[in-house]
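What follows draws every value from the coordinates through simple rules; no lab data is involved. Everything quoted here is computed from the prediction, not taken from an experiment. Quick reminder, even Gly has a Cβ in these numbers, built from the backbone with ideal geometry, and neighbours come from all protein chains shown.
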């Protein structure tokens, strides 16, 4: 994410009082940088949607000197070096014919390479919605070389398709002039409760321009952004478990963990506050409000809220946190949501790079400083959980075994065998067999100790996300639920209590 914490990253992690026990702040100032306290949470997005009349294709935008929008409008950029256009899209309207007109207007206004040609029309866009995305609506925007418009469709995996060329009606563009496939992301309507989009954009921009990690951001619009797409496909759970692929993922994670936190805007670097504590402080209040609303539904849901027992969870959290303070862990830049849906295998390995660079991690919405044990622990949880299967009810319960001791050691040795210069991004790849057993054991302990934090994080996250589901229940409305956040929240809270009990931290 990149979540802007309610506590300042300049405070020391090991010396500050518990962020979970402090009252929520009530400042109403505009959102500042990462080293300043942000404003209170909003319950919903305050941005309004653009009208169709706001989109214009009649004014060409073939170069950087002109487009359909005033220079004043385009000069507004939330992140230096990233273009912005003051238009918004309605995700629910993605099957409307006008939706392609709106997209092409945004691509021209942002000067996305090869998408500014006046030859292109809305029919030149082939649109696919990616299934399984929870936080945002995400689409593939590809070039349609045929004269006949294509219907918007669903794409079950991160693998876009491009319509074939019609030989009887060839396109005036040569193959090397075909616009590239893009990712278009429309932010969820209430995700500003969870995500600082400005911080997220700045971090993505630094990662791609300084470290060549992650996609290039072509630009933003009011409620979303346009990203580079890597010709690739998403890994499957079976592939993630493959020992060779697992080593590649471990080394890519090590690279991410080696990024200079100061360059990303975290002034205290490795000595700041872990994101997990900052977010829980920020989310516990909204989560309590959702649960209080749910308890009013009827006796069944009131009992559900009692069994979830958020007040008890707050006490358990503080006990667990105090135990972790005794361990001591420095921070790294963590992805915090690495799973097979966010891990890609490139079609072609970039030249002059080691083989593990064929794997790319995407979706940095939840990325922020955390101990490395947290990030690896979260990845191991995702190793065995199936969230988006067409025959299974969404659930946190493991559908596959947790990585065994051999799997974990394979990952640890690959992770520890790589060193990367935080300033230049240059890396040295050593031999896995040369990694000492002491270092492996130390990393294993970090992962075991921080693993419960992953479960409680996603549990409280799910309660906040369940606001729409809860409101529909209270109002007696039929609402299609893509994901059962309440069930997921209860399962993850149970996992937190089970893990901390097994570690001897909670009775």
Q) For 340, 384, what ranking results if the residue with the fewest other Cβ atoms within 10 Å of its Cβ goes first? A) 384, 340
Q) What does the highest-first list of 206-219, 319-332 look like by mean Cβ count within 10 Å? A) 206-219, 319-332
**Q.** Protection proxy ranking, peptides 499-505, 289-295, average beta carbon neighbours within 10 Å, highest first
**A.** 289-295, 499-505
**Q.** Difference of contour (0.36 nm per residue) and Cα-Cα distance, residue 165 to residue 123
**A.** 13.8 nm
Q | Rg/Rh ratio calculated on Cα atoms of segment 115-274 (Kirkwood radius) | A | 1.02
Q: Taking 7 Å along the Cα-to-C-beta vector as the label spot, tell me the residue 288-residue 402 distance in nanometres, rounded to one decimal.
A: 3.1
Q. Efficiency by 1/(1 + (r/R0)^6): what FRET value for residue 210 and residue 307, r their Cβ-Cβ distance, R0 = 51 Å, to the nearest 0.05?
A. 0.60
**Q.** Zone residues, segment 102-133, relative to residue 177, backbone N less than 14 Å from point 7 Å out along Cα-to-Cβ
**A.** 114-121
Q: Just grab the label-to-label distance for residue 437 and residue 238, each label 7 Å out from Cα along the Cβ direction, in nm (one decimal).
A: 3.6
Q: Estimate the FRET efficiency between residue 314 and residue 502 by the formula 1/(1 + (r/R0)^6), using the beta-carbon distance for r and 25 Å for R0, to the nearest 0.05.
A: 0.75
Q. Hey, what D do you get for segment 232-502 in µm²/s if you plug the Kirkwood alpha-carbon radius into Stokes-Einstein at 10 °C and 1.306 mPa s?
A. 80
(Q) Sort 94-107, 444-457, 165-178, 363-376 by packing, meaning the average of other beta carbons within 10 Å per residue, with the highest value first. (A) 363-376, 444-457, 94-107, 165-178
